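All remarks here apply to the structure that follows.
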Amino acid sequence: MEYVKLGRSGLEVSRLCFGGLTVGPLQADLPVEEGAEVMLEAFNRGINFIDTAELYGTYPHIRRAIKKAKGEVVVATKTYAYDREGAVRSVEKARTALDRDVVDIFMLHEQESALTLKGHREALEYLLECKAKGIVRAVGVSMHHIAAVEAVCRMDEIDVIHPIVNYKGLGIVDGTIEQMLKAIRRAHERGIGVYAMKPLGGGNLIRHVEQCLDYVLSIPFIDSVALGMQSAEEVVANIHYIEGKEVDHLITQRLKNKKRTLHIEDWCEGCGTCLTACAHQALYMEGNKLRVQNEKCILCGYCGSRCRHFAIKVV
Ligand code: SF4
Ligand code: SF4
């Protein structure tokens, strides 16, 4: 496994980052022990970097895996907090749930523009305070919007960004993949560490996994790539692929044939609460029925976090 410095954060991370969303309750919903074993497989095979968020519900899995891991693991998490109080809660929740005094990377989740960053200024100030105290090592921003990358380039405080990147530009809300890469290059030149998200377009491009990985790993200003993995065999296949080793053909086929979809249960009440969770406007109401526009959905599962009836889920 190759390791790189994540920009000015100074953190040394593996080129492949474990994308923590997919094992958690918003997607595969693996029991804690099982999810932790998948993570541990990755850690013991050289991945030393894991991405999660308060929203994902995977702190217990990560806590268990990092306790058993042979080496140190860099943990990146995210908060939707916009004010100081919310940020205090998020940082303390992460430190307690992960059983770590220090969280390596703390990010503002899903920022859209200079305007949303302004609206989250209090939370950002608190994260910067935590960095000054040594409770957080680096402060970052995650985004599906090019405008947010451009806004971060005009700020001095952000160490790391986590933008969406895949060869088709799936999930980029305000432009093309070329425009996104132009903005990311500028961020990288300013010393900001870059780790990309959703190289497979949230699983939509799984049939072209090799092309997806080759594309994102060949971009010289992307330091690391977060890839969701749900089983030990998927971990092994991905690591073998990026290390140029032979990958078991049957495993690759099985993974490619795994169909993922957004499922709305019969018991959905059509309340519409989940609509606001979708930055991609993939959900809409038809009368009192909730519908999804599959061509817009990147299978992130965020909508599931808003439904108290557990009526929508990526399966
Ligand atoms: S999935 Fe849940 S939140 Fe969304 S409309 Fe149905 S009941 Fe409401
Ligand atoms: S509909 Fe749900 S899973 Fe699809 S992009 Fe929107 S939030 Fe993500």
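Assorted remarks:
- The lysines within cross-link reach of K5, meaning a Cα-to-Cα straight distance under 23 Å and a gap of 8 or more places when in the same chain, are K70, K78, K131, K133, K182, K198.
- Helical content of the chain, expressed as a calculated mean residue ellipticity at 222 nm, amounts to -10000 deg cm²/dmol (DSSP H runs of 4 or more residues, -39,500 (n - 2.57) each, divided by residue number, nearest 500).
- Taking other C-beta atoms within 10 angstrom as a stand-in for reagent exposure, C300, C130 fall in the order C130, C300, fewest first.
- Within the chain, percent of DSSP bridges classed antiparallel, to nearest 5: 25 percent
- For peptides 41-47, 265-271, sequence by mean Cβ density within 10 Å, most packed first: 41-47, 265-271
- For GluC sites (Glu not before Pro), the sites in region 133-184 that DSSP calls loop and that have at most 16 other Cβ atoms within 10 Å are E157.
- Equivalent ellipsoid semi-axes, region 262-314, via Cα gyration tensor eigenvalues times 5, rooted, Å: 15, 12, 10
- Whichever aspartates and glutamates have a C-alpha closer than 18 Å to that of K168, once near sequence neighbours (fewer than 8 apart) are set aside: E178, E210, D214, E295
- Alpha-carbon centroids, region 261-277 and region 178-234: separation in whole Å: 29 Å
- Note: region 28-97, Cα convex hull, 81 Å³ per residue.
- Extension gain (nm, one decimal) between Y82 and K259, 0.36 nm per residue minus Cα-Cα: 60.1 nm
- Exposure proxy ranking for Y302, Y82, based on other Cβ atoms within 10 angstrom of each Cβ and starting from the fewest, stands as Y82, Y302.
- More than 21 Å apart - percent of Cα-Cα pairs taken over region 182-315: 53 percent
- When the trypsin sites (Lys or Arg not before Pro) in region 247-281 are filtered for DSSP coil states and for at most 13 other beta-carbon atoms within 10 Å of their beta-carbon, the remaining sites are K258, K259.
- Sequence-distant residues sharing a close amide H with E110 (under 5 Å, placed H): S142, M143
- GNM result for the chain, Cα springs below 10 Å: residue of I264, I105, I164 fluctuating most strongly: I264
- Square roots of five times the Cα gyration tensor eigenvalues for region 140-229, Å: 21, 13, 11
- Within the chain, the percentage of alpha carbon pairs spaced more than 29 angstrom apart rounds to 32%.
- Partners for K93 among aspartates and glutamates (Cα-Cα distance below 13 Å; same-chain residues under 8 apart left out): E54, E85, D101
- Our note on the geometry: Cα centres of region 49-63 and region 119-145, 18 Å apart.
Bear in mind these aren't lab numbers, they're just calculated from the coordinates by the rules spelled out. Since the model is a prediction, treat every value here as computed from it, not as a measurement. Positions of Cβ are generated from backbone atoms using ideal geometry, with glycine treated the same way; all protein chains shown enter the neighbour counts.
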